[in-house]
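Input: a single structure, listed below in structure tokens.
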Amino acid sequence: MTKKALTFLFFILIAGFPSILLAQNLKINPVSISQTVLNADTFLGYDSFGFIYQINNNVFSKIKGKEVFEYKNVSLGSITRTDLQNPLKMVLYYEDFNTVVLLDNQLNKITEINFTLNTIPIVVSAIGMSTQNQLWIYNALNQQIGLFDYLKNEYKTISIPFTEPIKYYHTDFNTFYWIDKKNNWFSCDLFGKITSLGNVQDFDKMEIIDAQKYIFSKGNHLYLRDISKEKTEVISEIEILQKSFDNFYYKDQILSIFTAKEIVNYKIVTP
């Protein structure tokens, strides 16, 4: 191939992938707005009323100032997963006993469900709150997504079987998102329709915002990936003060960084 042809090919490639090149220089500079001493094993998040949620010594807590609510159930082992989307019906999942507990806003138990006792065999490996008194369930026995009505005690499978194990998942009321071991990103709606959302970068930790955006960490660096409606990919580094951190949490333009000693909240405006 001649030098002229190689030059032409280079410019064609550049034109085809402008977003990837631009992304290398983009930075997001969030504003630090508050710091809180962390006295817990795990910080889970906060709600619109100013309560923070955490787990310490396997006790689930809801705290605002001197207001403290706690829930513990030593008979079920360790809390594996929580879902705080609905502050009136919070989800605690105990994997060792294949059991979920739903709590009200004062952390009183609403109901306890042992999926091992269900008429349809269920082994839960992913769970989250959905709509209309339902829970998202990923059943490890058939490797399919289902919906469990906790009032009627009824379960229905809605998806086809997965071909790859789940590496990370996130749910909202209407959508089950997951990333498989090959870093492929998918979503499933309430009717079982599965949509491919592309491939994600390798990550240590992940926080999905919606079907176009997610925040991920890699090597103590934070990034925001955004895919616009025009399918343009932009990756921006989020410049935080902490040189290392245990985890992070994002909600309503607030980015919370957890270290071993504190929670630092940043106001972040996504591009």
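The values are calculated or read from the model by the stated rules, or taken from the named source; none is laboratory data. Quantities reported herein were computed from a predicted structural model and do not represent experimental measurements. Reconstructed Cβ throughout: ideal geometry from the backbone, glycine too, with neighbour counts over all protein chains shown. Accessible surface is based on the protein model in full, side chains and every heavy atom, while ligands, DNA and RNA are left aside. Shrake-Rupley method; radii C 1.70, N 1.55, O 1.52, S 1.80 Å.
Residues in region 126-154 that are hydroxyl-bearing (Ser, Thr, Tyr) and farther than 18 Å from Thr175 by Cβ: Tyr150 only.
Residues being of a type in the set (A, V, I, L, M, F, W, C) and open to solvent by less than 40 Å² (accessible area, probe 1.4 Å): count how many of those fall in region 171-186. Talk me through it step by step, then tell me what you get.
The first filter runs over region 171-186 and keeps only residues of a type in the set (A, V, I, L, M, F, W, C), leaving 173, 176, 178-179, 185-186.
Filter again for open to solvent by less than 40 Å² (accessible area, probe 1.4 Å), leaving 176, 178-179, 185.
So the count comes out to 4.
Can you confirm whether region 58-76 contains a residue that is open to solvent by 50 Å² or more (accessible area, probe 1.4 Å) and under 23 Å from the mean Cα position of the chain (by Cα)? No. I'd like the residue in region 29-47 that is of a type in the set (A, V, I, L, M, F, W, C) and in a strand (DSSP E or B) and, out of all such residues, is surrounded by the most Cβ atoms within 10 Å (Cβ to Cβ). By that ranking, first place goes to Phe43. Cβ-Cβ distances below 7 Å connect the following pairs, each with a first residue in region 185-213 that is without any contact (Cβ under 8 Å) to a residue 24 or more places away in the chain and over 22 Å from Asp252 (Cα atoms), a second residue that is surrounded by fewer than 17 Cβ atoms within 10 Å (Cβ to Cβ) and of a type in the set (Val, Ile, Thr), and a separation of six or more residues or different chains: Phe186/Ile194; Phe186/Thr195. Residue pairs whose Cβ atoms lie under 7 Å apart, separated by 6 or more positions or on different chains, with the first residue in region 233-244 and free of Cβ contacts under 8 Å to residues at least 40 places away in the same chain and the second in a loop (DSSP other than H, G, I, E, B) and open to solvent by 40 Å² or more (accessible area, probe 1.4 Å), are Lys243/Asn220; Ser244/Asn220.
Can you tell me which residue in region 240-257 is nearest to the chain's Cα centre (by Cα), limited to those that are assigned to a strand (DSSP E or B) and closer than 15 Å to Asp204 by Cβ? Break it down stepwise before answering.
To start, the set of residues in region 240-257 that are assigned to a strand (DSSP E or B) comprises 247-251, 254-257.
Right, trim to closer than 15 Å to Asp204 by Cβ and you get 247-249, 257.
On the way: Asn247: 12, Phe248: 10, Tyr249: 9, Ile257: 15 Å.
Within region 240-257, the match that is nearest to the chain's Cα centre (by Cα) is Tyr249.
Name the single residue that is farthest from Phe97 (Cα to Cα) among those in region 118-132 being out of contact with any Phe, Trp or Tyr (no Cβ under 6 Å at 6 or more places or on another chain) and modelled with pLDDT of 95 or more. Checked region 118-132; the qualifying residue farthest from Phe97 (Cα to Cα) is Met129. Figure legend. Inter-residue proximity from region 17-43: first residues over 19 Å from Ser61 (Cβ atoms), second residues part of a helix (DSSP H, G or I) and at pLDDT below 90, beta-carbon distance below 8 Å, spacing 6+ or different chains. Indicated pairs: Leu21/Ile14.
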